[in-house]
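Contents: one structure, followed by commentary.
The values are calculated or read from the model by the stated rules, or taken from the named source; none is laboratory data. Remember, it's a predicted structure, so these values are computed and weren't measured experimentally. Here the Cβ positions follow ideal geometry from the backbone for every residue, glycine too, while neighbour counts run over all protein chains shown.
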Amino acid sequence: MTEIDLKRLPKHIAIIMDGNGRWAERHAMGRILGHKNGAESVRAAVRTCRRIGIRYLTLYAFSMENWLRPEAEVSALLNLLKEYLENEVQEMMDQDIRLVAIGNLDSLGEPILSKINEVSARTSRNRGMTVILALSYGGRDEIAAAARRMVGDCLAGKITPEKVTKELFADYLYTAGLPDPDLLIRTGGEYRISNFLLWQMAYTEFYFTEVLWPDFRERHLLKAVEDYQKRERRFGRTSEQLKT
Ligand code: FPP
């Protein structure tokens with residue numbers, strides 16, 4: 001039995017959903033069916049997080065690097081995403097869930113972009129939980145884009161170089177206004193962060209599991225939260241300092 005303390009939940013969980021391809025291979029299916037089953041795990045993760053009271057859930061749904069995959073796989077992933085948004089918007093309204101998308105969204109093209117805009121606008125006043133989809137997202141690209149806009153503001157005289165602090169810089173990122181993740185979960189047995197939320201994960205706790213994403217269900221998520229709750233987050237301080 002998983003024992004979690006509902007009063008000490010991570011406020012923000014981020015997930016690298018890995019292993020769809022290997023799952024499909026193990027089940028003698030094409031990779032695209034792996035992603036389709038992965039979309040079911042997305043639904044399950046959103047439901048569980050909402051049920052236990054997680055406030056923010058960020059999902060790495062499509063990375064910048066994913067554009068390099070075969071065209072058929074890229075379009076299948078984008079189609080799954082569109083289907084997900086179409087099918088889940090009512091559930092998001094019922095469950096008071098707000099949808100936010102981060103990444104180089106323009107590169108997704110129509111009609112995905114207008115679907116994202118429509119669902120984001122429709123759910124924008126929901127406050128129960130925020131689901132953040134990282135799409136066409138790369139951490140270094142995000143930081144470079146933020147620097148570009150900040151330099152632009154400097155040249156336009158809106159800010160001066162002395163005003164540049166880590167807090168100001170964070171306001172130029174896609175995640176402006178969102179809290180940093182407390183817990184990162186990566187499925188699929190790889191131990192890396194793959195260009196995900198590089199700036200935002202400075203103090204995030206990492207949890208890796210061998211479970212392949214299409215198999216990831218409520219009990220796996222609760223186990224990750226339980227593991228997180230056993231850790232002591234010191235943010236550079238000593239254990240003694242935390243007691244005072
Ligand atoms: C990694 O598996 C997963 C992805 C590249 C995409 C994640 C997408 C989904 C879970 C489905 C669609 C998303 C939503 C929000 C509905 P992989 O193909 O890299 O697996 P492998 O490492 O085993 O090959």
TODO: Check residue 193 against each of (1) under 30 Å from residue 31 (Cα atoms); (2) of a type in the set (A, V, I, L, M); (3) surrounded by fewer than 15 Cβ atoms within 10 Å (Cβ to Cβ) and name the one condition it does not meet.
DONE: (3)
TODO: May I ask you to verify whether residue 167 is part of a helix (DSSP H, G or I), charged (D, E, K, R) and away from the ligand (no atom under 16 Å from the Cβ)?
DONE: yes
Open item on the list: Here are the criteria: (1) in contact with a helix residue (DSSP H, G or I) (Cβ under 8 Å, 6 or more places away or on another chain); (2) at pLDDT below 95. Tell me which single one residue 214 does not satisfy.
Closed with: (2)
TODO: Could you please give the count of residues in the stretch 34-60 that are in contact with a Gly (Cβ under 9 Å, 6 or more places away or on another chain) and surrounded by 19 or more Cβ atoms within 10 Å (Cβ to Cβ)?
DONE: 4
- [ ] Restricting attention to the stretch 148-161, report how many residues are more than 25 Å from residue 201 (Cα to Cα), in a helix (DSSP H, G or I) and out of contact with any helix residue (DSSP H, G or I) (no Cβ under 7 Å at 6 or more places or on another chain).
- [x] 3
Open item on the list: Yes or no: the stretch 196-216 includes at least one residue that is part of a loop (DSSP other than H, G, I, E, B), farther than 19 Å from residue 10 by Cβ and free of Cβ contacts under 8 Å to residues at least 24 places away in the same chain.
Closed with: yes
Open item on the list: Take residue 177 and tell me if it is closer than 25 Å to residue 46 by Cβ and loosely packed, with under 13 Cβ neighbours inside 10 Å.
Closed with: yes
Open item on the list: Exactly one of these conditions fails for residue 130: (1) away from the ligand (no atom under 12 Å from the Cβ); (2) more than 18 Å from residue 50 (Cβ to Cβ); (3) of a type in the set (Ser, Thr, Tyr); (4) surrounded by 19 or more Cβ atoms within 10 Å (Cβ to Cβ). Give me its number.
Closed with: (2)
Open item on the list: With the structure loaded, tell me whether residue 164 is more than 20 Å from residue 23 (Cα to Cα) and free of Cβ contacts under 8 Å to residues at least 24 places away in the same chain or whether it fails that test.
Closed with: yes
TODO: Considering every residue within the stretch 178-193, establish whether at least one is without any contact (Cβ under 8 Å) to a residue 60 or more places away in the chain, over 27 Å from residue 33 (Cβ atoms) and of a type outside the set (Asp, Glu).
DONE: no
- [ ] Using the structure shown, decide if residue 199 is aromatic (Phe, Trp, Tyr) and within 22 Å of residue 104 (Cβ to Cβ).
- [x] yes
TODO: Can you run down the residue pairs with Cβ atoms below 9 Å, 6 or more apart or on separate chains, where the first is in the stretch 106-118 and part of a helix (DSSP H, G or I) and the partner is loosely packed, with under 12 Cβ neighbours inside 10 Å?
DONE: 113/106
Task: Options 159, 185; residue that is more than 26 Å from residue 127 (Cα to Cα) and either modelled with pLDDT of 95 or more or among the acidic types (Asp, Glu) (or both) - done: 159
